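Trainee: Sharing a structure, written as structure tokens. Questions coming.
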Amino acid sequence: MESIYKFDQSYESPIIGVDEVGRGPLAGPVVSAAIILNKEIVPDGINDSKKLSKKRREIISKQLISHHSYAIGIASVEEIDQINILQASLLAMKRAILGLDIIPKSVLVDGNKLPDLDFKMYPIIKGDSKSVSIAAASIIAKVYRDKIMEDLSVQHPGYYWEKNSGYGTKQHLLALKNLGVTPIHRKSFAPIYNMLN
């Protein structure tokens, strides 16, 4: 666990950590977060957001939002359908990075692809379990996107987005069959594309 806090030390500061959430779901936007950690008050327990409980994520996200510079980038369902999910993810990352008013010396990006920007950027595979900055970004992005999906589930009840975050769970697929496709669904994703064509 300690190594996640040390990984970033080999990169030049200021460092931006970037991660996105929501590439796999059938519904909702893709959300990215970019963060510059204030090294004096980095919360304990930061890890890949998928390895933390919902409650733990929410607590750490609050601490990060209160004391660190961060920005959110979103690519909409329409953008996902127009340019594909990979390009939409990179676009969301680009928007998050540009949302920070600090010129970074290093940008650490989760995954093997980089958004189109002129900064010194490093793709880090499984970055959310290696880099504290990327892990922090993953926590903020996950909590933010889950909240969007909870709000959307109130407008479109029956799909259980408050539980499944738009992923293709059994409940969600059954609801698609019974209730049909909403404007929040990604029309280019296989189950929905197949229903519509």
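The values are calculated or read from the model by the stated rules, or taken from the named source; none is laboratory data. Keep in mind it's a predicted model, so treat the numbers as computed, not measured. Glycine gets a Cβ as well: all are built from the backbone with ideal geometry, and neighbour counts include every protein chain shown. Surface accessibility is based on the protein's heavy atoms, side chains included, excluding ligands, DNA and RNA. Shrake-Rupley method; radii C 1.70, N 1.55, O 1.52, S 1.80 Å.
Trainee: Summarise the long-distance tail of P(r) for the range 37-114 by giving the % of C-alpha pairs beyond 14 Å.
Mentor: It works out to 71 percent of all Cα pairs.
Trainee: Non-local amide H neighbours of Met121 (under 5 Å, H modeled in plane, Pro and chain starts lacking H): which ones?
Mentor: Val107
Trainee: So which lysines can Lys62 reach, going by Cα to Cα under 24 Å and dropping same-chain residues fewer than 8 places off?
Mentor: Within the straight-line cut-off, Lys62 pairs with Lys6, Lys39, Lys50, Lys51, Lys54, Lys94, Lys126, Lys130, Lys142, Lys147, Lys163.
Trainee: Tell me, rounded to the nearest percent, the portion of alpha carbon pairs in the range 55-177 spaced more than 21 Å apart. Don't skip to the answer; put the middle values down first.
Mentor: Working: 3533 of 7503 pairs.
Cα-Cα pairs in the range 55-177 separated by more than 21 Å: 47 percent.
Trainee: Carbon and sulfur atoms: what percent of the 1.4 Å accessible area of the chain do they account for?
Mentor: On the way: 5350 of 9900 Å².
Roughly 54 percent of what the probe reaches on the chain is carbon or sulfur.
Trainee: Output wanted: per-residue J couplings in Hz (rounded whole) for the range 155-166, from phi through Karplus 6.51 cos²θ - 1.76 cosθ + 1.60, θ = phi - 60°, x for Gly and Pro.
Mentor: Coupling constants for the range 155-166: 6, 10, x, x, 9, 6, 5, 5, 9, 9, 6, x Hz.
Trainee: Moving on. Assuming a viscosity of 0.692 mPa s and a temperature of 37 °C, what translational diffusion coefficient in µm² per second does Stokes-Einstein assign to the range 1-51, Rh being the Kirkwood radius over Cα pairs?
Mentor: Working: Rh = 13.1 Å.
It diffuses with D of about 251 µm²/s by this estimate.
Trainee: Taking every DSSP beta bridge with both residues inside the chain, roughly what % is antiparallel (nearest 5)? All intermediate terms of the calculation are to be shown ahead of the outcome.
Mentor: Working: 13 of 21 bridges.
Close to 60 percent.
Trainee: Hey, can you find the accessible area per residue of the chain for me, probe 1.4 Å, expressed in square angstrom?
Mentor: On the way: 9900 Å² over 197 residues.
Here the per-residue accessible area is 50 Å².
Trainee: Still on this structure, please answer the following. Dividing the convex hull volume of the alpha carbon atoms of the range 92-148 by its residue count, what do you get in Å³ per residue? Let's see the in-between values first.
Mentor: Details: hull volume 5.1 nm³, N = 57.
Considering the Cα atoms of the range 92-148, their hull volume per residue is 90 Å³.
Trainee: Summing -39500 (n - 2.57) over the DSSP H runs of n ≥ 4 in the chain and dividing by its residue number, what mean residue ellipticity at 222 nm do you reach, to the nearest 500 deg cm²/dmol? Please report the intermediate quantities before stating the final value.
Mentor: Working: 8 runs with 85 residues, N = 197.
Value at 222 nm, helices only, nearest 500: -13000 deg cm²/dmol.
Trainee: Among Glu162, Glu12, Glu20, which one shows the highest mean-square fluctuation when the chain is modelled as a Gaussian network with alpha-carbon springs under 10 Å?
Mentor: For the chain, modelled as a Gaussian network with Cα springs under 10 Å, the answer is Glu12.
Trainee: Taking the Cβ of Lys142 as the center, what net charge do the other residues with Cβ under 14 Å away carry, scoring Lys and Arg +1 and Asp and Glu -1? Could you put the intermediate results ahead of the total?
Mentor: Values: positive: Arg23, Lys50, Lys51, Lys54, Lys55, Arg56, Arg57, Lys62, Arg145, Lys147; negative: Asp19, Glu20, Asp48, Glu58, Asp110, Asp128, Asp146, Glu150.
Net charge around Lys142: +2.
Trainee: Also, I was wondering about something else. Could you give each residue of the range 130-147 its phi-based ³J(HN,Hα) in whole Hz, using Karplus coefficients 6.51, -1.76, 1.60 with θ = phi - 60°, and x for Gly or Pro?
Mentor: Coupling constants for the range 130-147: 10, 10, 5, 5, 5, 4, 4, 4, 5, 5, 4, 4, 5, 5, 5, 5, 4, 5 Hz.
Trainee: At Asp101 and Val154, where each label point lies 7 Å from the Cα along Cα→Cβ, what is the point-to-point distance in nanometres?
Mentor: Modelled inter-label distance: 3.1 nm.
Trainee: Here's another thing I want to ask about it. Find the centroid of the Cα atoms in the range 2-68 and in the range 109-180, then give the distance between the two in whole Å.
Mentor: What the calculation gives is 13 Å, centre to centre.
Trainee: Over every pair of different alpha-carbon atoms in the range 139-197, take the mean of 1/r and invert it; report that Kirkwood radius in Å. Each step should come with its number before you reach the end.
Mentor: Values: mean 1/r = 0.0848 Å⁻¹.
About 11.8 Å, per the Kirkwood formula over Cα pairs.
Trainee: Still on this structure: Could you work out how much longer the chain between Lys113 and Tyr5 gets when fully extended? Use 0.36 nm per residue separation minus the Cα distance between them, nm to one decimal. Intermediate values should be presented prior to the final figure.
Mentor: On the way: separation 108, 0.36 × 108 = 38.88 nm, distance 2.30 nm.
The Lys113-Tyr5 span can extend by a further 36.6 nm.
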